[in-house]
Amino acid sequence: MFLIGSVLGAGGALLLVTGWLLGDPGTPRGDALKTGGLAGGAVLAVYALWINDRRRRTEEARHEVERTRAQQDRERTENEQFAKAVELLGHGADQVRVGALHALAGLARTRPAYTQTVLDVLCAYLRRPFTHPGYDLRPDNPDEAEPEPDTAWPAERIAEADREQQVRLTAQRLIATLLPGSADEQAPRYDLDLTAAHLEYLDLTGCRLGRLTARRARLHGVNRFGGVRIQGPALFSGATFHGRTELSGARFDGGLSVLKAEIKGAWRISGAQVRLFADLRTAVPEEQLGALTLIGDVELKVDDDSGWATRSGP
């Protein structure tokens, strides 16, 4: 319909302009026809521009619909992958559980919006009840334990615990890889909840996170927090540190609590800094290397005879 109107408009412009110019005796007939033709062509050109603009808008709308549909399909696929991976964490085979953990970590890397959720799932897995004969024999260094089968720990149960131990170590390593580096000021703040978890050889060296909750956790072997930056509270209340703990250069910007914790191994705290609060109401570590630096106006809670080494910083 608009095409017919444009053609009629172009013809009308041709006749109108040509007739108007022919009414002037000084205008040659050829010039009048040429000018009229240009006027009619201009009308058709406007129509062509309108058609192109309409076609462009239609294409853009179609592409936007396709992008939206593709995004929805991708999100649906990722949600299905997430749900499937979580389901497989309960599988009886340890290889399947390890694969599920890696699938969750891969999803978090490709979709940062999933990172905190994946970290929550990994932490929840580590909070599941677990024990190992090595924790009884060498709680400070389970790697050196050599459990022998007995009535409490038959060979089959030891083998099962060994397999689950490897799954849990995988979860710990993946948590560390998903956390940003301590020097990345623009990185999101991810929280970890390891309440009552059995951990061994946990290594968060140089990581940055928000809140760390490890109340009543059991830490076996050497656990490394050197250079870590924790911007929220770091809560180890009631935790047990069986082995050596590396805290050199750590920054507890949101405060630190070891209230009623049991620290059996060495604590290396040279260069470790605490802000806001430090609840040290527990027995001093058997071996304390360095002093805890208190930055600013820190609310310090410590037993008079604990023997904690602290100093004031700038």
Inset, instruction - Show the residues, 5+ positions off or on another chain, whose built amide H is closer than 5 Å to the amide H of Arg224. - result: Leu202, Asp203, Leu204, Glu246
Legend entry - Table column - 3J(HN,Hα) (Hz), region 290-298, Karplus curve with 6.51, -1.76, 1.60, x for Gly and Pro: x, 10, 7, 8, 9, 9, x, 8, 9
Legend entry - Residue-by-residue Karplus 3J(HN,Hα) for region 154-159, coefficients 6.51, -1.76, 1.60, Hz, glycine and proline x: x, 4, 5, 5, 4, 4
Inset, instruction - Estimate the FRET efficiency between Asp191 and Glu146 by the formula 1/(1 + (r/R0)^6), using the beta-carbon distance for r and 45 Å for R0, to the nearest 0.05. - result: 0.75
Legend entry - Extended-chain gain in nm, criterion 0.36 nm per residue less alpha-carbon gap, Arg281 and Asp120: 55.0 nm
Inset, instruction - May I ask you to evaluate 6.51 cos²θ - 1.76 cosθ + 1.60, the Karplus curve with θ = phi - 60°, for each residue of region 254-259 and list the ³J(HN,Hα) values in order in whole Hz, giving x for glycine and proline? - result: x, x, 9, 10, 10, 3
Inset, instruction - Report, by chain and number, residues whose modeled amide H sits under 5 Å from the one on Ala278, excluding near sequence neighbours (fewer than 5 apart, same chain). - result: Leu256, Glu299, Leu300, Lys301
Legend entry - Rounded, prolate or oblate (a/c below 1.5 giving rounded, otherwise prolate when a/b exceeds b/c) for region 89-312 by Cα gyration tensor: oblate
Legend entry - Likely footprinting exposure, Lys260, Lys84, fewest C-beta neighbours within 10 Å first: Lys84, Lys260
Legend entry - Spatial separation of Cα centroids for region 252-314 and region 160-215, in angstrom: 22
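Every number here is computed from the coordinates shown, using simple stated rules; none is lab data. Keep in mind it's a predicted model, so treat the numbers as computed, not measured. Here Cβ is always computed from backbone atoms with ideal geometry, including for glycine, and neighbour counts include all displayed protein chains.
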